[in-house]
1. Can you tell me how many residues within segment 4-35 are among the aromatic types (F, W, Y), farther than 14 Å from I79 by Cβ and more than 11 Å from the chain's Cα centre (by Cα)?
2. Among the listed residues L90, L70, L123, L135, which satisfies the condition of being more than 19 Å from S18 (Cβ to Cβ) and either in contact (Cβ under 8 Å) with a residue 40 or more places away in the chain or not acidic (D, E) (or both)?
3. Which residues, taken from segment 67-78, are surrounded by fewer than 20 Cβ atoms within 10 Å (Cβ to Cβ) and in a helix (DSSP H, G or I)?
4. Please go through segment 25-43 and pick out each residue that is aliphatic (A, V, I, L, M) and open to solvent by 70 Å² or more (accessible area, probe 1.4 Å).
5. Does any residue of segment 13-20 turn out to be open to solvent by 100 Å² or more (accessible area, probe 1.4 Å) and either polar (S, T, N, Q) or touching a residue at least 60 places away in the same chain (Cβ under 8 Å) (or both)?
6. Would you check which residues across segment 44-53 are loosely packed, with under 14 Cβ neighbours inside 10 Å, in a helix (DSSP H, G or I) and hydrophobic (A, V, I, L, M, F, W, C) and list them?
7. Regarding A98, is this residue without any contact (Cβ under 8 Å) to a residue 60 or more places away in the chain, in contact with a Lys or Arg (Cβ under 9 Å, 6 or more places away or on another chain) and surrounded by 17 or more Cβ atoms within 10 Å (Cβ to Cβ)?
8. Counting only residues that are open to solvent by 90 Å² or more (accessible area, probe 1.4 Å) and not hydroxyl-bearing (S, T, Y), how many does segment 101-112 have?
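The values are calculated or read from the model by the stated rules, or taken from the named source; none is laboratory data. Quick caveat, the model's predicted, so the values are computed rather than measured. Don't worry about glycine lacking a Cβ; one is built from the backbone with ideal geometry, like all the others, and counts go over all protein chains shown. Surface accessibility is based on the protein's heavy atoms, side chains included, excluding ligands, DNA and RNA. Shrake-Rupley method; radii C 1.70, N 1.55, O 1.52, S 1.80 Å.
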Amino acid sequence: MSLFFTKEGKRKSPRILSYFFGALLFAVIFGLAYALLTVPLQSLPIQNQTILTAVQIVLIALVGTLCCCLLFFLRDKRIVPYSFAGLAVLVMMFYVAALALDSAARVNMIYLVSLYGLGPAVLGNLISWSIYHRLSRRKQTNMWG
């Protein structure tokens, strides 16, 4: 069986591959957002380090999500929410991989995945799926209304 063609010789849909590579692209975008924005956001006037870290995570996740949502300008609007769903799957895979580590490394891995992956996956999915549902409702009302 071929990777790109069915038994009948028809071309397979590359959607799953585009969603997977979209998730990888989003991971790179969020990595760049963390690299570029962590130091400037240290100057926020918040004294409590835990609150400062939480604010940084939310702000960086919002900036990265807005950059990723630019892909809504593509013709296939499903790429963005499904890629964010793939990003959530990647985060879950990192959590599962952390279970295989010894206890000290497991704690560090879970901390890092939660710090850098959980915010973008949750906020990205919430924002992208809500935009996608609005766009699909608007398209349905324009077609039928």
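1. Start the filter on segment 4-35 by keeping residues that are among the aromatic types (F, W, Y), which leaves 4-5, 19-21, 26, 30, 34.
Filter once more, keeping what is farther than 14 Å from I79 by Cβ: 4-5, 30, 34.
Retained after the next criterion (residues that are more than 11 Å from the chain's Cα centre (by Cα)): 4-5, 34.
Count: 3.
2. Numbers: L90 fails: more than 19 Å from S18 (Cβ to Cβ); L70 fails: more than 19 Å from S18 (Cβ to Cβ); L135 fails: more than 19 Å from S18 (Cβ to Cβ).
Just a single option satisfies the conditions, and that option is L123.
3. First, the residues of segment 67-78 that are surrounded by fewer than 20 Cβ atoms within 10 Å (Cβ to Cβ): 67, 69-78.
Once the filter is applied, which keeps residues that are surrounded by fewer than 20 Cβ atoms within 10 Å (Cβ to Cβ) and in a helix (DSSP H, G or I), segment 67-78 yields C67, C69, L70, L71, F72, F73.
4. In the first step, residues of segment 25-43 are kept if they are aliphatic (A, V, I, L, M); the result is 25, 27-29, 32-33, 35-37, 39, 41.
Answer for segment 25-43, where residues must be aliphatic (A, V, I, L, M) and open to solvent by 70 Å² or more (accessible area, probe 1.4 Å): L25, V28, L32, A35, L36, V39.
5. Initial filter on segment 13-20 (open to solvent by 100 Å² or more (accessible area, probe 1.4 Å)): 15-16, 20.
So of that shortlist, the ones also either polar (S, T, N, Q) or touching a residue at least 60 places away in the same chain (Cβ under 8 Å) (or both) come out as 15, 20.
So far as segment 13-20 goes, yes, one or more of its residues are open to solvent by 100 Å² or more (accessible area, probe 1.4 Å) and either polar (S, T, N, Q) or touching a residue at least 60 places away in the same chain (Cβ under 8 Å) (or both).
6. I51
7. Numbers: without any contact (Cβ under 8 Å) to a residue 60 or more places away in the chain: yes; in contact with a Lys or Arg (Cβ under 9 Å, 6 or more places away or on another chain): yes; surrounded by 17 or more Cβ atoms within 10 Å (Cβ to Cβ): yes.
Answer is yes for this residue.
8. Here is the first cut: in segment 101-112, the ones open to solvent by 90 Å² or more (accessible area, probe 1.4 Å) are 102, 107-108, 111.
Now drop any that are not not hydroxyl-bearing (S, T, Y), which leaves 102, 107-108.
Of the residues in that region, 3 qualify.
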